[in-house]
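Structure in structure tokens, see below.
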Amino acid sequence: MKLFTKIFSKPKTIKVDFCEKNLDRFLSEEHATDYHSFLSNKNVHYKEYSCQSKCKECQQSPYAIVNGEFMAAESSRELLEKLKEHQETKS
């Protein structure tokens, strides 16, 4: 029965919230295309806020709120990798 469920199950959707100021601070042009590709995935729903009132975290590193949970990384590239891993584990 598990094989049947695995074959016919729908991929889970993840919700990602970004802070516009954080993206402006940490997202580089070289990674913008990679982010666009990831965010264009039909199972990823994202929203960009002008501010999420996480000023201390916002100044320190790139972050996103994924399905309500705070996720930070050392770089925008590392954050994208974490987002991809999270999506794969939820699929």
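Here, each number is a calculation from the coordinates, and none is a lab measurement. Just so we're clear, the structure is a prediction, and the values are computed from it rather than from any experiment. Backbone-built Cβ (ideal geometry, glycine too); neighbour counts: all protein chains shown.
Just for the chain, what percent of DSSP beta bridges are antiparallel, to the closest 5?
50 percent
Right, next: Using a simple charge model, +1 on the beta-carbon of Lys and Arg, -1 on the beta-carbon of Asp and Glu, nothing else, what dipole does the chain show about its Cα centre, in debye to the nearest 20?
Dipole magnitude for the chain comes out near 620 debye.
Under a cut-off of 16 Å between alpha-carbon atoms, report the aspartates and glutamates in cross-link reach of residue 56, not counting same-chain residues fewer than 8 places apart.
20, 24, 74
Among 33, 22, 70, which residue has its Cα furthest toward the positive end of the charge dipole of the chain, with +1 on Lys/Arg Cβ and -1 on Asp/Glu Cβ?
The residue sitting farthest along the positive end of the dipole is 70.
Provide the FRET efficiency to the nearest 0.05 for the residue 36-residue 60 pair, computing r from the beta carbons and using R0 = 25 Å.
With R0 = 25 Å, the Cβ-Cβ based efficiency is 0.50.
Quick one: what are the phi-derived ³J(HN,Hα) couplings along the stretch 68-77, Karplus 6.51/-1.76/1.60 with θ = phi - 60°, whole Hz, x for glycine and proline?
Per-residue couplings from phi come out as x, 10, 6, 9, 10, 8, 6, 8, 5, 5 Hz.
For Cα extents along the principal axes in Å, several values are listed as [x] 44, 34, 24; [y] 48, 26, 20; [z] 34, 28, 20; flag the one computed from this structure.
[y]
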